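To keep things clear, I will list the structure first and then write my remarks on it.
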Amino acid sequence: MTDMTAFRLATPERWAEVMTAGVFKGDPHDIADGFIHLSAAAQVEGTLLKHYGEHPRLVLAEIDLAVLGDTVKWEVSRGGALFPHVYGDIPASAVRGVRHILRDENGDWVLPDEIARASKESS
């Protein structure tokens, strides 16, 4: 993972639609805001807890920001942190991988090791 990588959380069903279409044009809240919201590795956990608490399972799509070029802007958002925002569509060619995010027996999210590590390092 580098600064040229960001992440998008989605339901498995929604992400299947995106991959079938070959492009992610954003969800309703993205469209209303005028850009697609992404998170850096260290921001995924906060985004997950703030916006996806009601879901039993999700996918985490890894996005190659280099493919998106000038459409990516790092802008101040939650808590004054810089978040990657995409002013345009995200083609399937920018997706480097997709991983399932599930809950453990206590109902807590289990994040991939490198995402959990990045979150702890930033706190």
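The values are calculated or read from the model by the stated rules, or taken from the named source; none is laboratory data. Remember, predicted model here, so these are calculated numbers, not experimental data. Every residue, glycine as well, gets a Cβ built from its backbone with ideal geometry; the counts of neighbours run over all protein chains shown.
Filter the stretch 16-28 for residues that are of a type in the set (A, V, I, L, M, F, W, C), assigned to a helix (DSSP H, G or I) and surrounded by fewer than 19 Cβ atoms within 10 Å (Cβ to Cβ) and give the result. Steps first, answer last, please.
First, pick out the residues of the stretch 16-28 that are of a type in the set (A, V, I, L, M, F, W, C): 16, 18-19, 21, 23-24.
When the remaining residues are screened for being assigned to a helix (DSSP H, G or I), the result is 16, 18-19, 21.
Answer for the stretch 16-28, where residues must be of a type in the set (A, V, I, L, M, F, W, C), assigned to a helix (DSSP H, G or I) and surrounded by fewer than 19 Cβ atoms within 10 Å (Cβ to Cβ): Ala16, Met19, Ala21.
When you go through (1) among the hydrophobic types (A, V, I, L, M, F, W, C); (2) surrounded by 15 or more Cβ atoms within 10 Å (Cβ to Cβ); (3) farther than 25 Å from Glu121 by Cα; (4) out of contact with any Gly (no Cβ under 9 Å at 6 or more places or on another chain) one by one for Ile31, which number turns out not to apply?
Going through (1) among the hydrophobic types (A, V, I, L, M, F, W, C); (2) surrounded by 15 or more Cβ atoms within 10 Å (Cβ to Cβ); (3) farther than 25 Å from Glu121 by Cα; (4) out of contact with any Gly (no Cβ under 9 Å at 6 or more places or on another chain) one by one, Ile31 breaks only (2).
Between a residue in the stretch 112-123 that is acidic (Asp, Glu) and at pLDDT 85 or above and any residue that is assigned to a loop (DSSP other than H, G, I, E, B) and surrounded by 10 or more Cβ atoms within 10 Å (Cβ to Cβ), which pairs come within a Cβ distance under 9 Å, given they are 6 or more apart or on different chains?
Going by the 9 Å Cβ cut-off, the qualifying pairs are Glu114/Met1.
Checking the conditions here, which among Val18, Val76 is modelled with pLDDT under 95, aliphatic (A, V, I, L, M) and touching a Phe, Trp or Tyr at 6+ places or on another chain (Cβ under 6 Å)?
On the way: Val76 fails: touching a Phe, Trp or Tyr at 6+ places or on another chain (Cβ under 6 Å).
Only one candidate qualifies: Val18.
If you check Asp64 against the conditions, is it farther than 22 Å from Ser122 by Cβ and surrounded by fewer than 18 Cβ atoms within 10 Å (Cβ to Cβ)? Even if it seems obvious, please write down each step before you answer.
Working: farther than 22 Å from Ser122 by Cβ: no; surrounded by fewer than 18 Cβ atoms within 10 Å (Cβ to Cβ): yes.
So Asp64 fails the test.
Answer yes or no as to whether Arg78 is in contact (Cβ under 8 Å) with a residue 24 or more places away in the chain, surrounded by fewer than 19 Cβ atoms within 10 Å (Cβ to Cβ), touching a Leu at 6+ places or on another chain (Cβ under 6 Å) and not aromatic (Phe, Trp, Tyr).
Numbers: in contact (Cβ under 8 Å) with a residue 24 or more places away in the chain: yes; surrounded by fewer than 19 Cβ atoms within 10 Å (Cβ to Cβ): yes; touching a Leu at 6+ places or on another chain (Cβ under 6 Å): no; not aromatic (Phe, Trp, Tyr): yes.
Spelling it out, it is not the case that Arg78 is in contact (Cβ under 8 Å) with a residue 24 or more places away in the chain, surrounded by fewer than 19 Cβ atoms within 10 Å (Cβ to Cβ), touching a Leu at 6+ places or on another chain (Cβ under 6 Å) and not aromatic (Phe, Trp, Tyr).
Within the stretch 49-104, which strands (runs of 3 or more DSSP E) (wholly inside it) include 2 or more residues that are closer than 19 Å to Ser119 by Cβ and in contact with an Asp or Glu (Cβ under 9 Å, 6 or more places away or on another chain)? Explain how you work it out, then say what you get.
Details: elements: 58-64, 72-76, 82-86, 95-103.
In the stretch 49-104, the matching strands (runs of 3 or more DSSP E) lie at 82-86, 95-103.
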